[in-house]
Amino acid sequence: MKERLHQLQQEALEKIEQASDLKALNDVRIAYLGKKGPITEVLRGMGSLSPEERPIMGALANEVRQAIQTALEAKQAKLEQEEVEKKLAAETIDVTLPGRPIRRGNPHPLTRVIEEIEDLFIGMGYTIAEGPEVEKDYYNFEALNLPKGHPARDMQDSFYITEEILLRTHTSPVQARTMEKHQGRGPVKIICPGKVYRRDNDDATHSHQFTQIEGLVVDENIRMSDLKGTLREFARKMFGEDRDIRFRPSFFPFTEPSVEVDVSCFNCGGHGCNVCKGTGWIEILGAGMVHPNVLEMAGFDSKKYTGFAFGMGPERIAMLKYGIDDIRHFYQNDIRFLQQFNRV
Ligand SMILES: [Zn+2]
């Protein structure tokens with residue numbers, strides 16, 4: 001019996017040693033220490049022993065049990081440890097791998113120019129006014145001295161939605177709306193930035209949708225010299241301190257007199273180059289004194305009040321400022337184009 005126990009211990013320890021995973025180990029445990037295992041079997045046979053031998057055999061059986069138990073626990077700990085290590089090895093993260101760079105956004109060049117112009121005029125005491133892009137014919141044309149059938153309406157090919165509703169062709173309706181709100185009382189001093197729409201075929205210098213910034217000042221004793229001083233200040237801030245401007249006579253239905261405004265070429269300083277097409281001057285905007293009819297339509301007494309207005313295309317300003325040769329670049333959102341303005 002003693003030998004049988006030693007033999008069982010030997011066998012069990014060998015099998016424990018051989019067990020390659022926790023399941024195999026558990027099988028060994030059940031086989032040797034279970035109720036139907038060989039050790040229990042041996043102990044059942046103790047009845048045939050003498051009273052002297054029984055406690056000795058009992059103690060030995062316990063020792064064997066204990067030895068197997070200890071070996072099982074040691075092996076289990078070892079297997080568990082191995083499993084953890086295997087898992088860690090499989091899930092290793094290489095912390096030295098460089099991260100994916102996060103792209104930093106930046107304002108669109110057009111947004112940048114519009115904000116620059118806004119800041120400049122806010123600094124001169126203007127406020128920003130906005131209005132609807134889907135506009136009434138009345139505010140887009142009639143209130144601006146362009147009654148139905150007026151030939152100058154053809155200067156602005158329009159997207160009509162109904163007979164009376166259209167996509168605004170300029171930001172001037174915001175001026176008409178703002179003047180109306182003032183109910184004949186000055187001063188009015190606003191700039192109106194926004195999108196406008198015209199039935200143009202898109203090419204390098206035309207787009208069916210583009211942006212405008214218009215300015216309007218209405219008060220007593222507003223003179224053309226005020227307009228000139230304001231626009232010279234604007235030209236110098238946008239294109240350099242030694243710029244000058246000149247007025248050329250022009251026609252707009254909503255201003256009288258009307259002028260085209262040129263800025264001296266920032267590229268050649270006025271000597272003539274390809275940017276200014278050899279003239280030394282670059283056309284940047286249209287302006288004029290607000291037509292008395294426009295003032296009267298909006299409820300202002302044109303004998304008491306005068307005003308000036310100007311309008312420019314931020315696309316054109318941005319194209320000149322940054323040397324961009326095609327207006328379509330602004331609307332295609334090509335990241336390679338936009339990224340060039342990251343640090344402008
Ligand atoms: Zn030039």
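Sparsely packed loop sites in the stretch 145-187 (the trypsin sites (Lys or Arg not before Pro) outside DSSP H, G, I, E and B with at most 15 other Cβ atoms within 10 Å) comprise Lys148, Arg185. Charged neighbours of Asp202, selected by a Cβ distance under 14 Å, balance to -2 (K, R count +1; D, E count -1). For the chain, take the longest principal axis of its alpha carbons; what is the angle in degrees between that and the long axis of helix 22-33, to the nearest 10 within 0 to 90? Its long axis makes an angle of about 20 degrees. In this rough spin-label picture, where each label sits 7 Å from Cα along the Cβ direction, the Arg104-Glu52 distance is 9.6 nm.
The Cα-based radius of gyration and maximum Cα-Cα distance (Dmax) for the stretch 2-90 are 15.8, 59 Å. Split the accessible area of the chain by element, probe 1.4 Å, and carbon with sulfur accounts for 51%. The simple spin-label model puts a point 7 Å past each Cα toward its Cβ; for Glu296 and Asp325 those points are separated by 5.1 nm.
Mind listing which GluC sites (Glu not before Pro) in the stretch 76-154 are in a DSSP loop and have 16 or fewer other Cβ atoms within 10 Å? Present the calculation step by step, with values, prior to reporting the outcome.
Working: sites: Glu80, Glu82, Glu83, Glu85, Glu91, Glu115, Glu116, Glu118, Glu130, Glu133, Glu135, Glu142; in loops: Glu91, Glu130, Glu133.
In loop regions of the stretch 76-154 (DSSP not H, G, I, E or B), the sparsely surrounded GluC sites (Glu not before Pro) are Glu91, Glu130, Glu133.
Once the Cα atoms are used to define both axes, helix 224-239 deviates from the longest principal axis of the chain by about 30 degrees. Length gained on full extension, Asn221 to Asn26, computed as 0.36 nm times the residue gap minus the Cα-Cα distance: 59.9 nm. According to the calculation over all Cα-Cα pairs in the stretch 202-251, the P(r) per 10 Å bin from zero is 18, 36, 35, 10, 0 %.
A 1.4 Å probe run over the stretch 231-271, with the rest of the protein chains in place, finds 49 Å² accessible per residue.
As a calculated quantity, the FRET efficiency between Asp242 and Asp94 at R0 = 56 Å, using C-beta atoms, amounts to about 0.45. Using Cα pairs under 8 angstrom and six or more residues apart, how large is the relative contact order of the chain, in percent? Computed value for the chain: 14 percent relative contact order. The angle separating the long axis of helix 172-182 from the principal Cα axis of greatest extent in the chain is about 80 degrees.
Using a 4.7 Å Cβ-Cβ cutoff, the cysteines of the chain lacking any partner cysteine are Cys192. Counting pairs of Cα atoms in the stretch 14-144, how many percent are more than 22 Å apart? Cα-Cα pairs in the stretch 14-144 separated by more than 22 Å: 71 percent.
The three principal axes of the C-alpha atoms in the chain carry coordinate ranges of 139, 47, 37 Å, sorted with the longest axis first. Rolling a 1.4 Å probe over the heavy atoms of the protein chains gives the stretch 2-90 an accessible area of 68 Å² per residue.
With the simple model of a label 7 Å out from the Cα in the direction of the Cβ, Gln18 to Glu180 spans 9.9 nm. Placing unit charges on the Cβ atoms of the charged side chains and taking the dipole of the chain about its Cα centre, the candidate lying farthest along the positive direction among Met238, Met224, Ser158 is Met238. Taking GluC sites (Glu not before Pro) across the stretch 23-72, the ones in a DSSP loop with at most 12 further Cβ atoms lying within 10 angstrom of their Cβ are Glu52.
The values are calculated or read from the model by the stated rules, or taken from the named source; none is laboratory data. Computed from a prediction, not measured in an experiment: that's the story for all the values here. So basically every Cβ, Gly included, is an ideal-geometry build from the backbone, and we count neighbours across all protein chains shown. Accessible surface areas use protein heavy atoms only, side chains included; no ligands, DNA or RNA. Shrake-Rupley method; radii C 1.70, N 1.55, O 1.52, S 1.80 Å.
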